[in-house]
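Student: Sending over a structure as structure tokens; questions will come in a sec.
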Amino acid sequence: MALLTKKDANLIIDPLADNNPITIQVLGICSALAITAELKASVVMALSVIFVMGVGNVVISLMRNIIPSKIRIIVQLVVIAALVIVVDQVLKAFAYELSKTLAVFVGLIITNCIIMGRFEAFALGNGPWRSFLDGIGNALGYGVILIIVGFFRELLGSGTLFGYPVLGDPIGKTGLYSIGYENNGFMILPPAALIVVGIIIWVQRSRNTALIEEN
């Protein structure tokens, strides 16, 4: 028996494109605005959400038959909060400077509507394995967009990637680079994230006209 059936594989593939949580469902936009000025922060946030959503979906799925309906939201928040605390402590232990940059936003994973949405829409009605795949798929879809946005914002806004000069060697403190590139300060401002996300949405829908017809 195959580990992944076609139906199971779609749980991972669909959120990466045709049902992306950010570009199609328009969820998790706050993260795309707040932490994508640097690629490293985008990658860490993406990995954090992958962990929280993957493990969280499994936990909620395992508990789905014993959670009283009246307190299910509270239980879901407790599960997410516990996993976010784990992420926060790991960051403080191994990447303290980055943890200070992401401190507030890691905490806001608790209220990330993508996670709560998948708990409600999928984990409460499916088994642990399929819930795990759904969580990983949606988290990957979310993370891919964050990394793309972070890549272009840091590259064009600072001329660097992961903090290292890419567009040439900096000349003094002028922001000029040896290839004549000058940093675009607008790209590190929050509105630039909306523009980059908007371009991604435009490219995605121009390649798949079915998405336009559905909306």
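Nothing in this text is a laboratory measurement; each read-out follows from the coordinates by a stated rule. Predicted model only: the values in this text are computed from it and were never measured. With ideal geometry, Cβ positions are generated from the backbone for all residues, glycine too; neighbour counts draw on all protein chains shown.
Student: Scanning the range 26-66 for residues that are touching a helix residue (DSSP H, G or I) at 6+ places or on another chain (Cβ under 8 Å) and among the polar types (S, T, N, Q), which turns out farthest from V86 (Cα to Cα)? Break it down stepwise before answering.
Tutor: Just the residues of the range 26-66 that are touching a helix residue (DSSP H, G or I) at 6+ places or on another chain (Cβ under 8 Å), to begin with: 27-64.
Now drop any that are not among the polar types (S, T, N, Q), which leaves 31, 36, 42, 48, 57, 61.
Values: S31: 19, T36: 22, S42: 18, S48: 10, N57: 16, S61: 20 Å.
The qualifying residue farthest from V86 (Cα to Cα) is T36.
Student: Moving on to the next point. If A41 meets every condition in (1) farther than 23 Å from Q204 by Cα; (2) under 10 Å from the mean Cα position of the chain (by Cα) apart from one, which number is that one?
Tutor: (2)
Student: Could you please find all residues in the range 112-159 being of a type outside the set (A, V, I, L, M, F, W, C) and surrounded by fewer than 17 Cβ atoms within 10 Å (Cβ to Cβ)?
Tutor: Quick first cut of the range 112-159, residues of a type outside the set (A, V, I, L, M, F, W, C) only: 112, 117-118, 120, 125-128, 130-131, 134-135, 137-138, 141-143, 150, 153-154, 157-159.
Across the range 112-159, the qualifying residues are G117, E120, G125, G127, P128.
Student: Still on this structure: Do we find that I60 is surrounded by 17 or more Cβ atoms within 10 Å (Cβ to Cβ), more than 29 Å from L161 (Cβ to Cβ) and over 11 Å from the mean Cα position of the chain (by Cα) in this structure? If you could, list the steps in order and put the result at the bottom.
Tutor: Values: surrounded by 17 or more Cβ atoms within 10 Å (Cβ to Cβ): yes; more than 29 Å from L161 (Cβ to Cβ): yes; over 11 Å from the mean Cα position of the chain (by Cα): yes.
It is true that I60 is surrounded by 17 or more Cβ atoms within 10 Å (Cβ to Cβ), more than 29 Å from L161 (Cβ to Cβ) and over 11 Å from the mean Cα position of the chain (by Cα).
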